[in-house]
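First comes the structure, then the notes that go with it.
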Amino acid sequence: MFSLTYPILDNFGRVAHALLMRCLSVRQPWASLIADGRKTIELRSRPIRYRGPLVICSSLHPWTGEHGFELGPVGVTLALVELVDCVPALPGDAGAACLLPPEGWFAWHLRLVRRLPELRVKGALGLFTPPPEVARVAAA
C-alpha cells in the first residue's frame, strides 16, 4: 500500500509521526465509481501539488447532469485512494474519468483503492483534513 504517516521532529528533537492524509468531497455517482475502482481519474478545474493518501467522501448533493450511473450514498466516507499525479486533462482521459474532460481542466490520477466503512462526514471545498474518527478508520 502506501504510508499514511511521515516522520517529523517534535519540540525535543525526537522523531514523531504525523498523519499524512487528506479528504476530498466528490459528488455521486462519481464518488461510488472511484470507490468501485471504475473511475481512476478525478476531473477538477484546478491543479494540486498534494500527492498521497486521499479519503473519498460523497458530497451531500449528487451531480444533476446526465450520467447513466446509479447514485450511491451521500455525506459519507467511501474509500481511501492514493493521489499519484495531477496533469492537464486530455480527451483520451474520458474512459478513466467516466466523463469527457472540460477544456482546461486537470486530471487527478488515483490508484490503490481501498473501501472504507460509510462514516458520516461533513465535506468541504477542496482538500480538507479528515476528522479523527475517519483518520483512525482509514489508517487501520
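The values are calculated or read from the model by the stated rules, or taken from the named source; none is laboratory data. Because the structure is predicted, anything quoted here is derived from the model rather than measured. Cβ placement follows ideal geometry from the backbone for every residue including glycine, while neighbour counts extend to all protein chains displayed. Ligands, DNA and RNA are excluded from the accessible area calculation, which covers all protein heavy atoms including side chains. Shrake-Rupley method; radii C 1.70, N 1.55, O 1.52, S 1.80 Å.
Pick from the stretch 62-72 the residues that are more than 18 Å from Gly126 (Cβ to Cβ) and surrounded by 14 or more Cβ atoms within 10 Å (Cβ to Cβ): which of them is modelled with the lowest pLDDT?
At the first step, the residues of the stretch 62-72 found to be more than 18 Å from Gly126 (Cβ to Cβ) are 62, 64-72.
Subsequent filtering for residues that are surrounded by 14 or more Cβ atoms within 10 Å (Cβ to Cβ) retains 62, 67, 69, 71-72.
On the way: Pro62: 91, His67: 82, Phe69: 90, Leu71: 90, Gly72: 94.
Among residues in the stretch 62-72 that are more than 18 Å from Gly126 (Cβ to Cβ) and surrounded by 14 or more Cβ atoms within 10 Å (Cβ to Cβ), the one modelled with the lowest pLDDT is His67.
Does Ala79 meet the test of being under 20 Å from Leu20 (Cα atoms), of a type in the set (Gly, Ala, Ser) and either modelled with pLDDT of 95 or more or loosely packed, with under 15 Cβ neighbours inside 10 Å (or both)? Yes, satisfied.
None of Ser45, Ser59 is open to solvent by 60 Å² or more (accessible area, probe 1.4 Å), closer than 14 Å to Val26 by Cα, at pLDDT 95 or above and touching a strand residue (DSSP E or B) at 6+ places or on another chain (Cβ under 8 Å) except Ser45. Scanning the stretch 89-130 for residues that are part of a helix (DSSP H, G or I) and exposed (fewer than 13 other Cβ atoms within 10 Å of the Cβ) gives Pro91, Gly92, Gly95.
Restricting the stretch 21-42 to residues that are under 16 Å from Leu127 (Cβ atoms) and open to solvent by 40 Å² or more (accessible area, probe 1.4 Å), the residue that is modelled with the lowest pLDDT is Arg22.
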